[in-house]
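Enquirer: Got a structure for you, written out below as structure tokens; questions coming shortly.
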Amino acid sequence: MPDVSAMELLRDYDRQGSEAAFAELVRRHINLVYSVAFRHVGIAAHAEEITQAVFVILARKAARLRPDTVLEGWLHETTRLTALSFLRGERRRQFREQEAYMQSTLQESADASAWNQLAPLLDEAMSRLGKTDRDAVMLRFFKDKSVREVAAVLRVNEGAAQRRILRAVEKLRRFFTKRGIVLPAAVLTATISANSVQAAPVALAKAVTAIAVAKGAAASGSTLTLIKGALKIMAWTKMKTAVAVGVGVLLAAGTTTLTIKEIKEHKTYSVEFKKVLVVVQDEDGKPVEGATILPDGFRVKGIHGADAYGWNKKLFGPPEKAVTDRDGKAYVKYPVEGIPEEKEFTGKLIFSVSHPEFSTVRPQEYSVDSPEQPIQLTHGIHLEVAGYVGSDHQAVTELVPNLNEEIIHKEDWQKMENGVYAFHKLSPGGHLIQLMGRLPSGEIVYSESFAFTTEKGKEYNFALKMKLGIRLEGRLDDKVPRPVKNGRVLISVRPNEFPAWNNYADVDDILKKYPNFYPWKSYRPITEDGTFVFESIPPGGLDVIVHGDGFVSQSGGDFSQRINSKLVKVPGFALPQPFSLVAPTTKIEVVTEPTATLELTAKTKWGKPVAGATVYLNPNVVRMNGIFGNMRQSNEEPFRTLAPLPDVPYSATTDKNGVAVIRNVPATTRGMEVYHPQFQVPLQEPKGWRDRHIRMTFSPGATNQFELTLEPKGKDFIGNN
């Protein structure tokens, strides 16, 4: 049906019930819808659910859409509003300091590209355009239609279409410029065209079509709840009597207040902002002009002051960059209440300070109340590194260096002649570097990790010997029934300087000597016969975890912390299984155990079931720094591109009976978070630690039932102590 317009297909479905017509609509537009959803939620499973909901809404509204509707524009806005409805069920996440640091570092590295600067704000920017401008941009740059095709859809001549497109692009450019993203119009449009629409999972279109043509009759309870919420937001938006998140900005005496409204609760609260002075100097105490300060997290006052929280962009907007003046001064904006819903006040900021001529630093505890010493930057030290193979020292010209430094962007490395790579922002102190390279034959080679110490005023030049990577062949033990279903294996390779530690005390001196080094990581699906292969990985110490339907890797020990000079076991953390790597091929068998299942029932104190409560689990794994079974990026890139690994679904929403079920949970998990728009978990106070985190123990191979009594929101607050 290539010559049939989208609205003609929709009419065929509405009037004749043509499943083929609707399937064609899904095929044409599912990538757009999925991409918009994924930009909002960042988790594949959630994006798929939003995509499902959007096409059900389309099926239900088929008869009411005007014939001149530009379906691409309608789908974009509907997806955005559905995602906002979904995100109202997202609760703030509490991260351990190391995990918060990892996230912000990855985010900083990603922000080096124009797309990753635009992506978090793109759909908001599109929503600020008028309908005709939005339709023009959507057709021209999201759907890659020619100006002539845009003109035909909009029913105007080509000149008018071109003027409308240029006008809309200029509005987008001004929107991004005000938020510190300065790009020429040509770069802006090229970036949107290349990245705004990505491929949805292959099987998603068929599943979406099957449920949508029945107008959601077979949809899950959580999807139906999402659809209901999205339709309510759409209705309120259309009437202009409310919006999903209404923002009013008041400027007075240097303080900014945002008014946030939540439709379902009809509840209004304010987010107040202030600014704190930051002074940046060089190692001689001279002011540094032009240093960029970018906040990405904070710590609250009170008993939770040791915990680091990521910056909530949905609540506070993107963090604002501040640039130092000739006196080295800049004022950094921050929210007075870091967690408004719990009345917890911001006490300290976490931010990066970068400058083209200096090493980047990242203060972790900058007080917003008491005067702080100036932030000191050190002039960058120059490093040149090269790799070679063979006795004749054949240069490896394609290299990816892995260097421990606070924050490194790809463009910080300069490729010079004959495969030499230069970095001029090195900090003084201990460093580790390991090289990955590709030979003209396509073979992947690695160096051993190389340790060195730098001093101010010196330059460093190293040529490292490289060898073919190690082949890793693995299998699951026989406790896992075959065929294996939905199996995945995640690996991490530590430098030889780092042991397979199970407490920070073991590596405290090493972490101080070589801070900010991140191991090489990758992943593979596990075949049905329980085997997996990594064709080429670097030398070092291997850490492995596996996850699948009904099984996970057994924890490689007990995690502990030093408390009052004694090592004390800390529950709730899994450890990967360590292995030694031997060239040319290493074979391993991973020891497994059964997963647990959580069945939670939520109710009020009067025994009434609570539907729509979202349950989140966060099973942590030490040494691999993240959620058990999840990995967003592979260090095999750019030499090998892997299919994205969808996140393990560690969340579920209660149905009309108040029941939510989460399967395939590692038994090392020790708790959960529950969020609902009107209800909250009563304050938990084990040993005086006020929070709403539910602590429980999971038994492997069993269904673990938990009954939870929720209370109305606003009864009390964590910050009132």
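Enquirer: Looking at segment 478-493, is at least one residue closer than 19 Å to L403 by Cα, in a loop (DSSP other than H, G, I, E, B) and in contact with a strand residue (DSSP E or B) (Cβ under 8 Å, 6 or more places away or on another chain)?
Expert: no
Enquirer: If you don't mind, there's one more thing I want to ask. Consider L403 carefully, then state whether it is under 24 Å from K286 (Cβ atoms) and not assigned by TED's automatic domain parsing to the domain that holds Y334.
Expert: no
Enquirer: Output yes when any residue across segment 162-179 is of a type in the set (A, V, I, L, M), assigned to a loop (DSSP other than H, G, I, E, B) and either closer than 28 Å to R27 by Cα or in contact with a His (Cβ under 7 Å, 6 or more places away or on another chain) (or both), and no when none is.
Expert: Checked against the condition, which is being of a type in the set (A, V, I, L, M), assigned to a loop (DSSP other than H, G, I, E, B) and either closer than 28 Å to R27 by Cα or in contact with a His (Cβ under 7 Å, 6 or more places away or on another chain) (or both), segment 162-179 yields no hits at all.
Enquirer: Only one residue in T378, T346, T397 is within 30 Å of K715 (Cβ to Cβ) and either in contact (Cβ under 8 Å) with a residue 12 or more places away in the chain or touching a Lys or Arg at 6+ places or on another chain (Cβ under 9 Å) (or both). Which one?
Expert: Among T378, T346, T397, only T346 is within 30 Å of K715 (Cβ to Cβ) and either in contact (Cβ under 8 Å) with a residue 12 or more places away in the chain or touching a Lys or Arg at 6+ places or on another chain (Cβ under 9 Å) (or both).
Enquirer: May I pose another question? Could you count how many residues in segment 200-218 are assigned to a loop (DSSP other than H, G, I, E, B) and in contact with a helix residue (DSSP H, G or I) (Cβ under 6 Å, 6 or more places away or on another chain)?
Expert: So the answer is 5.
Enquirer: Another question, then. Mind checking whether some residue in segment 109-119 is in a helix (DSSP H, G or I) and modelled with pLDDT of 90 or more?
Expert: No, there is no match, as no residue in segment 109-119 is in a helix (DSSP H, G or I) and modelled with pLDDT of 90 or more.
Enquirer: Let me ask you something else. Of everything in segment 406-427 that's in a loop (DSSP other than H, G, I, E, B) and under 31 Å from the mean Cα position of the chain (by Cα), which residue is surrounded by the fewest Cβ atoms within 10 Å (Cβ to Cβ)?
Expert: Checking each candidate, the answer is H409.
Enquirer: Could you list all residues from segment 29-47 that are surrounded by fewer than 24 Cβ atoms within 10 Å (Cβ to Cβ) and more than 21 Å from L139 (Cα to Cα)?
Expert: V41, G42, I43, A44, A45, H46
Enquirer: For the list (1) under 27 Å from the mean Cα position of the chain (by Cα); (2) assigned to a loop (DSSP other than H, G, I, E, B); (3) within 19 Å of V648 (Cβ to Cβ), I need the number of the one condition that W501 fails.
Expert: Every listed condition holds for W501 apart from (3).
Enquirer: Right, something else. Could you grab the pairs with beta carbons closer than 7 Å, sequence gap of 6+ or different chains, first residue in segment 26-51 and farther than 20 Å from A194 by Cα, second one at pLDDT 90 or above and of a type in the set (S, T, N, Q)?
Expert: I50/T79
The values are calculated or read from the model by the stated rules, or taken from the named source; none is laboratory data. In this text, all values refer to a predicted model and were calculated from it rather than measured experimentally. Positions of Cβ are generated from backbone atoms using ideal geometry, with glycine treated the same way; all protein chains shown enter the neighbour counts.
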